[in-house]
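Structure record follows, encoded as structure tokens.
The values are calculated or read from the model by the stated rules, or taken from the named source; none is laboratory data. Computed from a predicted structure; not experimentally measured. Heads up, the Cβs are rebuilt from the backbone with ideal geometry, glycines too, and the neighbour counts pull from every protein chain shown.
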Amino acid sequence: MTNRYHLKSPVDVITTSLFIPQEYQQECIQEAYRLGDSMEQKTNVKALMSTYSVWEETDKFNLLLDKIKEITNLVHPIQDTRFEYRLDSAWSAIYKKGHYTQPHNHTPAQLAWVYYLKADRKSPLIFDDCNFKINPTNDMLVLFPGYLTHSVPQHKENTDRICLAGNFYLPLTS
């Protein structure tokens, strides 16, 4: 099921499940742990985070990244064939108790996304400018405009929250 939240016209936040097999989700979770923390909390993400080019560190997420692009094209299609989504950046993040993400946006990316491998409904994704939040569930993909300011409050649970996030740009296909 896909949900479309119209926050401020024409702002859309879209959530959908990818129906990724549990076994592959577990492999991705293990890979996120293996990658660990490359950024040392020097970004807006104050959690354990891989580099912004996770596909250069491992090919474990490739099937997932392909599925995210496929679903993005279905739920957020591009009308002008001169453009196509290009994955510009993607990273894994593991939130342990006390971790959080500062308010930020992904400008100049046209579309940002977060995919939850292991979610906690008590740790929402907050869209600060819109007074809107999403309580994620496992296997949920959230798509939103790159300019939309968002944050994650301090994680208060003892279980880890694990996601993959990234950005799409729309360069001309030429």
Check your understanding: Which number in (1) more than 14 Å from the chain's Cα centre (by Cα); (2) touching a residue at least 60 places away in the same chain (Cβ under 8 Å) marks the one condition that His104 misses?
Key -> (1)
Review point. When only residues in the range 1-25 that are under 20 Å from Ser123 (Cα atoms) and not aliphatic (A, V, I, L, M) count, which is modelled with the lowest pLDDT?
Key: Tyr5
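Consider Lys97 carefully, then state whether it is in a loop (DSSP other than H, G, I, E, B) and either at pLDDT 95 or above or exposed (fewer than 15 other Cβ atoms within 10 Å of the Cβ) (or both).
Values: in a loop (DSSP other than H, G, I, E, B): yes; either at pLDDT 95 or above or exposed (fewer than 15 other Cβ atoms within 10 Å of the Cβ) (or both): yes.
Criteria met by Lys97.
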Review point. For Ile14, all conditions in the list (1) touching a helix residue (DSSP H, G or I) at 6+ places or on another chain (Cβ under 8 Å); (2) assigned to a loop (DSSP other than H, G, I, E, B); (3) closer than 22 Å to Gln110 by Cβ; (4) of a type in the set (A, V, I, L, M) hold save one; what is the number of the exception?
Key: (2)
Exercise for review: Test Lys67 against the criterion of being part of a loop (DSSP other than H, G, I, E, B) and not aliphatic (A, V, I, L, M), and give yes or no.
Suggested key: no
Practice item. Might you let me know whether the range 120-129 holds any residue that is modelled with pLDDT of 95 or more and surrounded by fewer than 20 Cβ atoms within 10 Å (Cβ to Cβ)? Key: yes
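Being more than 15 Å from Ala47 (Cα to Cα) and small (Gly, Ala, Ser): is that true of Ala93 here?
On the way: more than 15 Å from Ala47 (Cα to Cα): no; small (Gly, Ala, Ser): yes.
No: the conditions fail for Ala93.
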